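Readers should treat all values here as calculations from the given coordinates under stated rules, not as data from a laboratory. A quick note: this is a predicted structure, and the numbers were derived from the prediction, not measured. Every residue, glycine among them, receives a Cβ derived from its backbone with ideal geometry; neighbour counts consider all protein chains shown.
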Amino acid sequence: MWSRLNRHWKRLLVICLALLFASVTFVVGFWDTINEIPDRWHMPFLNPEPVSSLGFPTAIFNLDSETASLQHPINDLIANADEEYEHLVAKQSTGLAQAAQAYRSWRGRHPPPWFDQWYAFAELHDCVMIEDLFDRIYHDLNPFWAIAPDRLRADAAAIPNYIRVRNGKVYRSSMQQLAAFLPDVDIPINHMDEPRVLVSWDTIAEEMKILDASLGRQDLAQAPPIDTFAPLSQPPAASKDISFTTKAPYWNVARQACSPSTEARTSQIDTDFSTAPDFPQKYPYGTFSGYVQNWTLSQDVCSHAHLRNMHGTFVEPVSISTSTSLIPMFSGSKLLMNNDILLPGAMYWTDKERFAASKHHIPWQDKRDEVFWRGTASGGRNKADNWGRFQRHRLVSMFNGTQVEMTLAASNKTADHAHDGLPHNFSPPNEELYPLVSTKLGLLPDWIRSFSNVAFYWLECFPATRDYGCSYTGSWYRRGRPVSLERMFLNKYLPDVDGNSFSGRFRAFLMSNSLPLKATIYTEWHDYRLIPWKHFVPMDNTFVDLWSILEFFFQQDRKAEKIALEGRKWAERVLRKDDMLVYVYRLLLEYARVVDPNREEMGFGLDLTTTAAT
């Protein structure tokens, strides 16, 4: 048949086949981007959001000649973060002896046995040797020094999920890279999203007194008498009195971990979540002119009692199983009030595209001036009578120009008609606290539409539905398609907030060359390794500062780029898988010492012996 066609038809057929091949290649290669066209271009028949009249987010600054960000509080926070970083990197140790001495100076005791082997492992993996980067380990383990070692080992044996290390072999774990270096130890693992250990403030305060009394027992000028770990046989008989409470609400247990001097200790959680929460009417506690300056304090629910009624962890978590006794339990994240021992989350070890960043970095100037977020409506069991209190619903609502427009209109009405069926899950802008150019011009909803590409891809109804829809939130939220991390990284701004616990995408966001906007009440293993306003942008957990933060950075693009790039470079130095291995190695040496009967006499002192001999 081919031979019968004349030259004209052959040429036409070849061209058609080439166009077809090119079209298929384009669709396959850019499928995620094509899927986003209806969301971003606001096509009327696919998207109820109208087109922004501004066109691009920086247009509002052209309309307001008085706009000036030079005196903005965020400038001071960025400058302070730069100083903090310089102070941190100046502490870097060079050599085993200097690292051991930094440990004694910072921790008040000798390093654990085999510290020299750990240091050699860290050097081999080109890790940054700053003692402060391991602070999380000691915050987690210090209270356990008040518990007898045999009791800790018995408690660990009572927990079904564990990693057992014996004679250089790791059982029931894929952590084979460390097996040959670890002492014999049993490591109880929490397989739930939520943390599991929550001890009362009064109990922890007493146990920390015991720790303080023990710190002066070792002579730090002399090598300790025991410099190795004893081999172990099978675990001891398991404790029989370990129990976990599943009683709701979780807040009634959690607030017992707050200091009696805090409002949170006596604050009751709402019994009716169908109404709007009480948003603070002043700057969030501990902030600098309304912006987060102490990252740890911003995560502390004991210092921000209003979050009990504004976060799914307390409104209605997916699951509750909590020990109020101080038992060893290793988890991927926890609230500051919890007493779990932190490990890097399981998703940080995987190379799956869902959590791993590409090594190909898109230059900042090639990224879109957009705020991009896709995710599920997780955070707990959102239901028809409580979904307005969930953090992810609040985030998506605040990036929906139509919802913002409706909320602004309702806030101008009388109290009797203020709700009008709206969820009211976020606070209208407070011009006294956070003056906005977009609000001054009456353009806040339109301004949001000019950059927002934020949507749920699954509304996570309870009870669940087959089509990912939801009867009570479906009319409020359009659903986007799930997209790859690579698609997200085409944009400059990436919000990241809690789901059922911590967000497993934060590490990838930090390594993306985009700017993470982070809000969380959960702490992770890496928190002491990152400096807010230097490596990422922190947000208050109410998100009251969100629009103001974005106005600042849209106007100060170079400062946004600087944080994005420095965050990536630092993450590539201290958040690699090698860094996680070194962290876990150090953690398990410390934990093995805490559960050893000879722990008060144990430690590393080879550097002291060598110095004395010299």
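Highest mean first, how do 362-368, 343-349 rank when packing is the count of other Cβ atoms within 10 Å averaged over residues?
Descending mean neighbour count gives 343-349, 362-368.
Using a 4.7 Å cut-off between beta carbons, which cysteines in the chain end up with no partner cysteine at all?
Singleton cysteines: CYS16, CYS127.
Choose one of ALA223, TRP106, TYR468: the residue whose Cα lies farthest towards the positive end of the charge dipole of the chain (beta-carbon charges +1 Lys, Arg; -1 Asp, Glu; about the Cα centre).
About the Cα centre, the residue reaching furthest to the positive side is TYR468.
Taking all pairs of different Cα atoms in region 371-520, averaging 1/r and flipping that mean, what Kirkwood radius in angstroms comes out?
Here the Kirkwood hydrodynamic radius works out to 16.5 Å.
Given a cut-off of under 8 Å on Cα pairs at least six residues apart, what relative contact order in percent is computed for region 227-342? Please report the intermediate quantities before stating the final value.
Working: 113 pairs, mean separation 35.0, N = 116.
Answer for region 227-342 is 30 percent.
Applying the Karplus parametrisation 6.51 cos²θ - 1.76 cosθ + 1.60 with θ = phi - 60° to the phi angles of region 148-163, what ³J(HN,Hα) value in whole Hz is obtained for each residue in order, glycine and proline being reported as x?
With the stated coefficients, region 148-163 comes to 4, x, 5, 5, 4, 5, 5, 5, 4, 5, 8, 9, x, 8, 8, 10 Hz.
Using a 10 Å Cβ count of at most 13 others and DSSP loop calls, identify the longest part of the chain lacking such GluC sites (Glu not before Pro).
67-352
About the Cα centre of region 528-614, how large is the charge dipole given +1 on each Lys and Arg Cβ and -1 on each Asp and Glu Cβ? Please answer in debye to the nearest 20.
Roughly 320 debye for region 528-614.
Return the whole-Å distance between the Cα centroid of region 504-544 and the Cα centroid of region 216-251.
Taking the Cα centre of each part, region 504-544 and region 216-251 sit 32 Å apart.
Cut-off is 10 Å between beta-carbons; in what order do THR350, THR203 appear when sorted fewest neighbours first?
Listed from fewest to most nearby Cβ atoms, that is THR350, THR203.
Whole angstrom only: what separates the Cα centroid of region 359-416 from the Cα centroid of region 554-614?
Each part's Cα centre sits 36 Å from the other's.
If you line up the Cα atoms of region 95-205 on their principal axes, what length do they span on each, largest first, in Å?
40, 37, 28
Nearest 5 is fine: what % of DSSP beta bridges in the chain come out antiparallel, could you say?
35 percent
Per 10 Å bin from zero, what fraction in whole % of the C-alpha pairs of the chain is there, up to the bin with the longest pair?
The distribution over the chain is 3, 15, 24, 24, 17, 10, 5, 2, 1, 0, given as percents.
Hey, can you grab everything whose amide H is under 5 Å from the amide H of GLU316? Only 5+ residues off in sequence or another chain; H modelled, so Pro and N-termini drop out.
ARG381
Using Cα-only point scatterers and the Debye equation, what is log10 of I(q)/I(0) for region 160-285 at each q in 0.14, 0.19 Å⁻¹, rounded to two decimals?
Taken in order of the listed q values, log10 I(q)/I(0) reads -1.02, -1.24.
Past 24 Å, Cα to Cα: identify those pairs from LYS359/LYS562; LYS169/LYS352; LYS334/LYS559; LYS282/LYS440; LYS91/LYS359; LYS209/LYS518, in the order given.
Over 24 Å Cα-Cα: LYS169/LYS352; LYS334/LYS559; LYS91/LYS359; LYS209/LYS518.
Return the sequence-ordered ³J(HN,Hα) values of region 562-572 in whole Hz as given by the Karplus equation 6.51 cos²θ - 1.76 cosθ + 1.60 applied to θ = phi - 60°, using x for Gly and Pro.
3J(HN,Hα) across region 562-572, in whole Hz: 4, 5, 4, 6, 5, x, 5, 4, 6, 4, 6.
Post the alpha-carbon centroid distance, region 443-471 to region 141-192, in whole angstrom.
42 Å
When only C-alpha pairs under 8 Å and at least 6 residues apart count, what is the relative contact order of region 200-292, in percent?
Value for region 200-292: 27 percent.
Please report the base-10 log of the normalised intensity I(q)/I(0) for region 208-252, using a Debye sum with one equal scatterer per alpha carbon and no solvent, at each q in 0.17, 0.23, 0.32, 0.33 (1/Å).
-0.90, -0.95, -1.09, -1.12
State, as an integer percentage, the relative contact order of the chain based on alpha-carbon contacts under 8 Å between residues 6 or more apart. Each step should come with its number before you reach the end.
Values: 1028 pairs, mean separation 133.9, N = 614.
Taking the mean separation of contacting Cα pairs over the length of the chain, I get 22 percent.
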